[in-house]
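Everything on this sheet refers to the single structure shown next.
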Amino acid sequence: MNQERLNQILQQESEEKQVLSLLLDRHLSRQDQLLVQKTQMGPTEGYIGSVSLEWLASRVRFAAQLPLFQQKYDHKTDNIIRDSQTVEELQQRPLDWSRQSHLAQYLAVMQNHKFPPVLVVITSGWVNDRYAEEWDGNFQATRTVADFTPLDQQNRLGLLNIGENFSIFVLDGQHRLMGIQGLMELLKTGKLEVYNKYKKPTGSVITLNDLIEEYGLNAGQLQQLGQEKIGIEIIPAVVQGETYEQARRRVRSIFVHVNRMAISLSKGQLVLLNEDDGFAIIARRIAISHPLFKERDDDDSNPRVNWDSATISSKSTVLTTLQALQDMVEGYLGYKFEHWKNKDKKNLITLRPDQDELDQGLEEMIKLFNYLANLPSYERLNYGYKTPELRRFSHEAEGGEANILFRPVGQIALLQALGFLVFRKDFLLKNLCEKLRQFDLEGGFDGIEHSRSIWYGVFYDPMKKRIQVSGRKLATQLLIYLLGGIDDDLERAQIRKALAEARTIKDAATNQEKTIDFKGKFVDPKKVGLPNLL
């Protein structure tokens, strides 16, 4: 092929591209058409394209607003009213409106924000008119509700009519739609009301000025968010040859299954994936690097961290959970890096701390766990002891030492107390850990099911004979007291009173309340004192 012929071919390709570009620009400039690629899975055809966030917020409605459910539709919450008639029609979690403000903020604040595509159904007025000409004598559709104009010979790429005579409802991505609608309201009105899960106003309002001031955002750039694009897959409410009932079953089946497939992440998995929460980031690093938690190379060792569940069973060999480890890090570092929590503006989301702060936080946690790893209870792990035998109560199968250092609730309380003392009271961590070591040597952390233990009635429920997480706040206060962090007599009196109440049970025989002292005797509540300081 000579050079002249090659130039002619290149020139022709360039001209064809220009013509195609002009044609596409002409068609895509119309608001009632969307460039899409056709898909087919099973009997269901679909059309994939992209739309602006502003368009999605204004044109797409919630699934519960489908005409099929209009008689059972709650206009206040945008949910379907659950009753005997609708329970079989739709199986999907109700919308949780408490998420809207967080999702809207995510889009506005996070630079690397991203929502997955949404799945929607397109319908038209004739679908619900049984006398429309689009239904034949057998009540079968004579055409597909989607108006698709192919642009290629294989019918793979084309234009989908999305004019005002079509209605669109979201099947998968309802909370994404909720968040986008919240963002548009925030941008247009300058404020967004915060709701509870049932769409009842909480009384709090997030304003655009709040976000601009808190996160240093650019007002002009915020207003451009509405033009960002999100992926969308559109399926028709009715396809040619279907009866109304067949179409309803198909759409309903897709709706149910896409939501069933969306399995919620566990608390541990959320911590594992969170790249914006400083406490979660440090918790992960500690879990995989610190000798107290990281997996060892020897074959007989067991993992020390449960990465998924937020609880530990009595037989589990792990020391803690990733979720508990995050709570420990937050309990300790929360006093040093209060702004990581946006404590004073709880309706605002948190941003990833800068690297210097993350490095400081990690250094503080490594120093802390280096000290805690030398507590006698934890040192025993190096000598072949297994966590179940140190965690279980003595009355459980195979028995145990009932040590709160092997319970997440006890671990969190301890670190909260230490964080308060180190960063609020300026105590030296080394001195505190020396006191804890002596306390541990004297059995201060184990045997909590016995009345001699300060944790009896606090962490241990003597009536139900099980751990009780509700005692964590009091346990934190007791630890602060034991370590010398409470000087106020009134505050000490309040802790003593709370401890007496925790050790008070109801006698089943007499139905009277009785308070148990540290010797296991029933006494007047005022006779229950506080143990000596460490």
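Within the stretch 121-152, can you find the residues that are in contact with a Phe, Trp or Tyr (Cβ under 6 Å, 6 or more places away or on another chain) and assigned to a strand (DSSP E or B)? If the condition is that a residue be in contact with a Phe, Trp or Tyr (Cβ under 6 Å, 6 or more places away or on another chain) and assigned to a strand (DSSP E or B), then Val121, Ile122, Ser124 are the ones that fit. Residues that are at pLDDT below 70 and β-branched (Val, Ile, Thr) occur in the stretch 55-78; there is at least one.
In this structure, is Leu372 out of contact with any helix residue (DSSP H, G or I) (no Cβ under 6 Å at 6 or more places or on another chain) and loosely packed, with under 15 Cβ neighbours inside 10 Å?
no
Go over the candidates Thr515, Thr510, Thr504 one by one and state the one that is crowded, with 16+ Cβ neighbours inside 10 Å and either modelled with pLDDT of 90 or more or more than 26 Å from Glu434 (Cβ to Cβ) (or both).
Working: Thr510 fails: crowded, with 16+ Cβ neighbours inside 10 Å; Thr504 fails: crowded, with 16+ Cβ neighbours inside 10 Å.
None of the others qualify; the one that does is Thr515.
Here Asn209, Asn196 are screened, and the one residue that is within 26 Å of Ala64 (Cβ to Cβ), loosely packed, with under 13 Cβ neighbours inside 10 Å and either without any contact (Cβ under 8 Å) to a residue 24 or more places away in the chain or in the same structural domain as Arg99 (by TED's automatic domain parsing) (or both) is Asn196. Does the stretch 461-481 contain any residue that is on the phi > 0 side of the Ramachandran plot and surrounded by 15 or more Cβ atoms within 10 Å (Cβ to Cβ)? No, there is no match, as no residue in the stretch 461-481 is on the phi > 0 side of the Ramachandran plot and surrounded by 15 or more Cβ atoms within 10 Å (Cβ to Cβ). Taken together, the residues in the stretch 166-211 that are in a loop (DSSP other than H, G, I, E, B) and under 22 Å from Gly231 (Cα atoms) amount to 1. Between Ala104, Ala141, the distinction of being buried (at least 17 other Cβ atoms within 10 Å of the Cβ) and within 19 Å of the chain's Cα centre (by Cα) belongs to Ala104 only.
Residues in the stretch 461-500 that are more than 17 Å from Leu415 (Cβ to Cβ), small (Gly, Ala, Ser) and part of a helix (DSSP H, G or I): Ser470, Ala493, Ala498, Ala500.
Annotation note: Cβ proximity below 9 Å between a residue of the stretch 98-114 that is in contact (Cβ under 8 Å) with a residue 24 or more places away in the chain and a residue that is among the polar types (S, T, N, Q) and loosely packed, with under 15 Cβ neighbours inside 10 Å (sequence gap 6+ or interchain) occurs for Ser98/Asn196; Ser98/Thr202; Ser101/Ser204.
So which residues in the stretch 518-534 are free of Cβ contacts under 8 Å to residues at least 40 places away in the same chain, within 29 Å of Gln438 (Cβ to Cβ), not polar (S, T, N, Q) and not in a strand (DSSP E or B), if there are any at all? The answer is Lys521, Lys527, Val528, Gly529.
The values are calculated or read from the model by the stated rules, or taken from the named source; none is laboratory data. As the structure is a computational prediction, the values presented were derived from the model and not from experiment. Every residue, glycine as well, gets a Cβ built from its backbone with ideal geometry; the counts of neighbours run over all protein chains shown.
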